[in-house]
Amino acid sequence: MTDFKLKIVLGGAAIELEGEGQLVKEILEDLKETGLGNLAKTVPVSKQEPKAQECDINNISTDEEENTEQSETEFPNIKDLIISGNLHNDQEKILIFAYYLSNYGQDTVSEDEIRNKFKEMNLWTNSACGNFKTNIKKLIGDKKYLSSYGNTSYTVTMHGQEQAKAIILGQGQSSKKTKSKNNKTTKNPITKYEFIDLNLSTEDKKNLVDLFINKENLKATEKVTLASYWYKKQKNEKVINKDSIYSILKNANISTSFNIQGALINAKTRNNYFYPSNNNGEYEISHIGEEYVENNLLIQG
C-alpha cells in the first residue's frame, strides 16, 4: 500500500516520490547527497495522502453508460420506424431524423442532412417541403426540442432527446407493457386480421399492384387511405374495415407490419380522411381523404 507521496519543486522542475515511508526517506537522502545538495534544505516538501478514488479509477462501474449505449443500439432503424407507422407527422419525422443523424443528440445536424433523409426515405412530399422551415421553427420555439446552432444547424435538446425516445420506445415496441386497473402488467394485445375474398379479377390485382409500386415507404395513414380510395373507385365499395384494408394491401404486395386499425383511427381523427360508418370499426373515405390521394399520392411514381 502507498504510505507517502512527496513532491519537491525547484523553480520550474518538480520531483515526486511515492512509496513506503522508509523507502521514500532513503531515496530523498540519496538525492540530497548526490543531486540536490544544500538547495534541498530550502525546498518545501509537501506530504500528500493518496486519494482513495484514484486507486480504483479503472474499477469504477460504468453500468449507467453501458445501459444507455445498449438502449440506443437497440433502437429500430429509421426505415423500420417509418414502416411501423409510429411517426405521425412531419414534425416527429424531423425530430427523429435529427436525433438519429446527430448520434442520438451528441452532435449537431444540418438542415440539408435532415432534408436529404426525407428524400432518401421517399417522404419529401409537397407538404413536407412547404412546411419544412415552419416545422423546424416550431420544434425550436414552441416545443424546445431543437436548439439553433448557427443559421442552418441544430442540436437536439435534452427535452427533445426524451421526446424522441418516447416516440421510439413508447410507440415503436410491440412488447411495451402497460398497467391494468388491478395494477398488473399486461402486454398490448396483437391485433389479428382476416384475409377476406374481395372478388378481385386478374385485371383488378394488376391495377392494384401498379398503383402501389414505389409506395412502400408511405406513412401508415397514407397506405390505408390509398387502399380505401382504390377500393371505392375500382370496386365501388365505400365501406371498409381493418380486414378489407389488410386484404387490399396483401393483394398489392405491400407490407402490413403496422397497426392497420390504429392507422385508420389516426387518419380519421388527425387528418379527417375518414368518417365512421354505421357499424363499429367500419369507415368511409371522406372528400378530404380523396383529395389528398389525388393531389399527393397518385402523382408519386
Identify, from the list I245, I240, the residue that is without any contact (Cβ under 8 Å) to a residue 24 or more places away in the chain and within 20 Å of N279 (Cβ to Cβ).
-> I245
Of the residues L249, L297, which single one is closer than 20 Å to N126 by Cβ and either in contact with a helix residue (DSSP H, G or I) (Cβ under 7 Å, 6 or more places away or on another chain) or charged (D, E, K, R) (or both)?
-> L297
Boolean, L208 is under 28 Å from the mean Cα position of the chain (by Cα), within 22 Å of L298 (Cβ to Cβ) and not assigned by TED's automatic domain parsing to the domain that holds N86 = no
Number of the condition not met by L264 [criteria: (1) more than 28 Å from the chain's Cα centre (by Cα); (2) assigned to a helix (DSSP H, G or I); (3) within 30 Å of T202 (Cβ to Cβ)] | (1)
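Conditions (1) surrounded by 13 or more Cβ atoms within 10 Å (Cβ to Cβ); (2) of a type in the set (V, I, T); (3) at pLDDT 90 or above, marked per residue:
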{"position": "L249", "(1), (2), (3)": "yes, no, yes"}
{"position": "N253", "(1), (2), (3)": "no, no, yes"}
{"position": "N259", "(1), (2), (3)": "yes, no, yes"}
{"position": "A267", "(1), (2), (3)": "yes, no, yes"}
{"position": "Y273", "(1), (2), (3)": "yes, no, yes"}
{"position": "S277", "(1), (2), (3)": "yes, no, no"}
{"position": "Y283", "(1), (2), (3)": "yes, no, yes"}
Sole miss for L218 among (1) more than 13 Å from G85 (Cβ to Cβ); (2) buried (at least 21 other Cβ atoms within 10 Å of the Cβ); (3) in contact (Cβ under 8 Å) with a residue 40 or more places away in the chain is condition (1)
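The values are calculated or read from the model by the stated rules, or taken from the named source; none is laboratory data. Quick caveat, the model's predicted, so the values are computed rather than measured. Positions of Cβ are generated from backbone atoms using ideal geometry, with glycine treated the same way; all protein chains shown enter the neighbour counts.
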